[in-house]
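Presented below is the structure to which this report refers.
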Amino acid sequence: MANAVELLVDAHALVGEGPLWDEREQVLYWVDILNSKVYVYDPATGENRGLDVGQHVGTVVLREAGGLMLAVQQGFASFDPESQDLSLIANPEAHVTGNRFNDGKCDPGGRFWAGTMAYEDPKDSGGLYRLDTDLSVHTIFDGVGISNGIVWSLDHTTMYYIDTLRQNVRAYDYDNDTGDIANERVAVAVPDDAGMPDGMAIDADGMLWVAHYGGSRVCRWNPHSGALMEKIDLPVTQVTACAFGGANLDTLYITSAAQQLDAADLARQPLAGGLFAIQMPYQGVPSFRFGG
Ligand code: CA
């Protein structure tokens, strides 16, 4: 890539994650999961405002009716960014101990998908869940290691999903009328030496941008051929997620983590946990909002 990666916020996030561009307000939402924070970054001013959620927060999405929806330790919730009031809506893992919600996004039909992972030594105790616009919650599948990036194809017929521990991106046929998925297959197999696939965005060409945790990079993958198309190097190893934003949706915002690094690692990568951006020769697409 010809352009340079720029540090926007030297945030030292423990687990920076979940970037999401709000094209109406022209701000970027993102989270620090283990510090229980939602951040609102305004590129016009450089201000990065922190909101206290009160429990670990895996991801943030916008609500069509206004305000935010979160996937928190205890399930799906709504959140008022002004009052910072959290209202729990549904917890499909109320019977499970040791898990928390992690990444998630809204589908083209306005449903909110998010999955879970174990706090300690994750293997397969997580699941993927869907909160519909009538606030009913549905288990999509269990047996998930670390539930992460999720996006939908531009024609709304395919869902792409990352369980980090599978070391791949899987594709599913997606029915936008019902929210049903079927026909699981591997779209991208990520090499072991490239880091672990984490958060994901889709661009206006239908290509996937995947953050590689432990791999110091974001890569553009072709989900039709499985081929690697581009690579962006970051000055930090724990690259967690990315999202297109900016007035023309041609800025790629990239989050990172400072967890699972020892003192020597942190000395080598003092910007770990920072929020980064790079100007792109590609455009993203607007994110979907929760319709309930
Ligand atoms: Ca993640």
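The values are calculated or read from the model by the stated rules, or taken from the named source; none is laboratory data. Model, not experiment: these values are computed from the prediction. Note that each Cβ is placed from the backbone with ideal geometry, even for glycine, and that neighbours are counted across all protein chains shown. In case anyone asks, the SASA skips ligands and DNA or RNA and just uses the protein heavy atoms, side chains included. Shrake-Rupley method; radii C 1.70, N 1.55, O 1.52, S 1.80 Å.
Kindly write out, for the range 71-81 in residue order, the coupling ³J(HN,Hα) from the Karplus curve 6.51 cos²θ - 1.76 cosθ + 1.60 (θ = phi - 60°), rounded to whole Hz, with x marking Gly and Pro.
Values per residue, Gly and Pro as x: 10, 10, 3, 9, x, 7, 8, 9, 9, 9, x Hz.
With unit charges on the beta carbons (Lys and Arg positive, Asp and Glu negative) and the dipole taken about the Cα centre of the range 6-279, which residue among 9, 169, 78 sits farthest to the positive side?
So the residue we want is 169.
Placing +1 on the Cβ of each Lys and Arg and -1 on the Cβ of each Asp and Glu in the range 57-162, which of 145, 116, 133 has its Cα farthest towards the positive end of the resulting dipole?
Positive-end residue among those listed: 145.
Between residue 168 and residues 5 or more places away or on another chain, which pairs have amide H atoms under 5 Å apart, with H built 1.01 Å from N, and which residues are they?
Placed amide hydrogens put 163, 190 under 5 Å from residue 168.
When the chain is treated as a GNM, springs tying every alpha-carbon pair under 10 Å, which of 144, 186, 53 comes out with the largest mean-square fluctuation?
Of 144, 186, 53, the most mobile in the Gaussian network model is 186.
Determine the calculated [θ] at 222 nm for the chain from helices alone, applying -39500 (n - 2.57) to every DSSP H run no shorter than 4 residues and normalising by the residue count; nearest 500 deg cm²/dmol.
Here the helix-only value at 222 nm equals -500 deg cm²/dmol.
Of all the Cα-Cα pairs you can form in the chain, what percent are over 25 Å apart?
Across the chain, Cα pairs with separations above 25 Å total 40 percent.
What lysines sit close enough to residue 231 to cross-link, taking a C-alpha to C-alpha distance under 29 Å and skipping anything fewer than 8 places away on the same chain?
Hits, sequence-local ones excluded: 105, 123.
Please check the chain for the longest run free of GluC sites (Glu not before Pro) that are loop-located per DSSP (anything but H, G, I, E, B) and have at most 10 other Cβ atoms within 10 Å.
That gives 121-292 as the longest site-free run.
Mind checking which aspartates and glutamates have their C-alpha under 17 Å from residue 37, skipping anything on the same chain fewer than 8 residues away?
Filter leaves 10, 17, 47, 52, 80, 82, 85, 103.
Placing +1 at every Lys and Arg Cβ and -1 at every Asp and Glu Cβ, with all other atoms neutral, what dipole size does the chain have around its Cα centre, in debye to the nearest 20?
280
How large, in percent, is the carbon and sulfur part of the accessible surface of the chain at a probe radius of 1.4 Å? Working shown, then result.
Details: 5200 of 11320 Å².
Carbon-and-sulfur percentage of accessible area, whole number: 46.
What does the net charge come to around residue 154 if you take all other residues with beta carbon closer than 12 Å to its beta carbon, with K and R at +1 and D and E at -1?
Local charge sum for residue 154: -3.
Per residue, how much accessible surface does the range 6-279 expose to a 1.4 Å probe? Answer in Å², no decimals. Walk me through the intermediate numbers first.
Details: 10350 Å² over 274 residues.
Using a 1.4 Å probe on heavy atoms only, each residue of the range 6-279 averages 38 Å².
Note down the relative contact order for the chain as a percent, whole number, built from C-alpha pairs under 8 angstrom at least six residues apart.
Numbers: 882 pairs, mean separation 55.4, N = 292.
Relative CO of the chain lands at 19 percent.
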